[in-house]
1. Could you please tell me the mean projected area of the C-alpha convex hull for segment 60-123, averaged over all directions and given in square nanometres to one decimal?
2. With a 1.4 Å probe and all protein chains left in place, how much accessible area per residue does the chain have, in Å²?
3. Quick one: putting +1 on the C-beta of Lys and Arg, -1 on the C-beta of Asp and Glu, what dipole do you get for segment 6-88 around its Cα centre, in Debye to the nearest 20?
4. What percent antiparallel are the DSSP beta bridges of segment 3-122, to the nearest 5?
5. Taking every eigenvalue of the Cα gyration tensor of segment 88-158, multiplying by 5 and rooting it, what semi-axes result, largest first, whole Å?
6. If I take all pairs of Cα atoms in the chain, what percentage of them are more than 20 Å from each other?
7. Just to confirm the number: angle between the C-alpha axis of helix 189-200 and the first principal axis of the chain, 0 to 90 degrees, nearest 10?
8. So which lysines can K153 reach, going by Cα to Cα under 23 Å and dropping same-chain residues fewer than 8 places off?
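The values are calculated or read from the model by the stated rules, or taken from the named source; none is laboratory data. Computed from a predicted structure; not experimentally measured. Cβ: placed from backbone, ideal geometry, glycine included. Neighbour counts: every protein chain shown. With ligands, DNA and RNA removed, areas are computed over all heavy atoms of the protein, side chains included. Shrake-Rupley method; radii C 1.70, N 1.55, O 1.52, S 1.80 Å.
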Amino acid sequence: MANILVIEDDQRIRELVCEHLARDGHSASSEANGLDGLRSLTADEPDALVLDLGLPDLDGIDLLRMVRSVAELPVLVLTAREDEETILAAFAEGADDYVVKPISGPQLSARMAALLRRGSADAVDTITVGDLEILLGPRQVKFGDTMLELTAKEFDMLAYLAARHGTVVSKEDLHAAVWKAPAGTEGRTVDVHLSNLRKKLGETATSEVRYLHTVIGAGVRLQAPEA
Ligand code: CA
C-alpha cells in the first residue's frame, strides 16, 4: 500500500492507471501536466511516481531531472517513446523502470510492486524491542536467533505495537490501523490475532508474559522484559 503519483496528460490512460493502482490497494493521485506534477510531488511526497514523458508543458526527460533534484522516490516511466536515445536518457536521469505503452494491468501491478519492494528494502528500517528485531523493509521478524513465521496481519500488528512499545495501544486503534476498518467492527478479530502472535512469541495470556502485556480494559502493550 503506497501513495503513488501519476503524471500523464492522456485522460483515459491516467484514469486507467489510477484505477488499477487503487484496485491494488494503493492510493493514487494524478496530474495532467509537468508543472502541476512537480507541485504535487513536493507537496504530497508520494512513495512512487508513474511518469509519462510526452507532456504538454515540459519535456519528460527535463521533468525527470527536476524530479530527481527534489525526490528519491521510485520512478516508473510509462511512455509512447521507444527510441533508444530516450530510453537511455531516462535511465541516465534516474528512471528506475521504463515501459513502452500500452502496459497491461497485471504488468503495471508487478512492476510497481517490485519498485516499492526495492525501495523499502533499501531503507533498512528496524525496530528493536528486547530480543525482537522487526525489519520493516523485508517484513521479517527476528526473535533472538530465530526468524518468526508471521502472517501479514500478525506482522502489521507487531510492527504497530513495536513502533509504540512501552505504551498501551487499544484494540480499537490496533484494529483501525491494521485492518483499516472503522471502530466498532473489530469483534474478536484482534483478540484472535493477538493470541496467535502470543503463541509465536512463546507466551500465553495468563502466564509467562514477557513481551505482550494485556492491560485489562485498556488494550495491549509491547514491552521488552527487564534485563
Ligand atoms: Ca502523453
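1. 4.4 nm²
2. I get 53 Å² per residue for the chain.
3. The dipole magnitude comes to about 180 debye.
4. Just about 5 percent of them are antiparallel.
5. Working through the eigenvalues yields semi-axes of 33, 15, 7 Å.
6. Of all Cα-Cα pairs in the chain, 65 percent lie more than 20 Å apart.
7. Compared with the principal axis, the helix lies near 70 degrees.
8. By straight Cα distance, K153 reaches K142, K171, K180, K199, K200.
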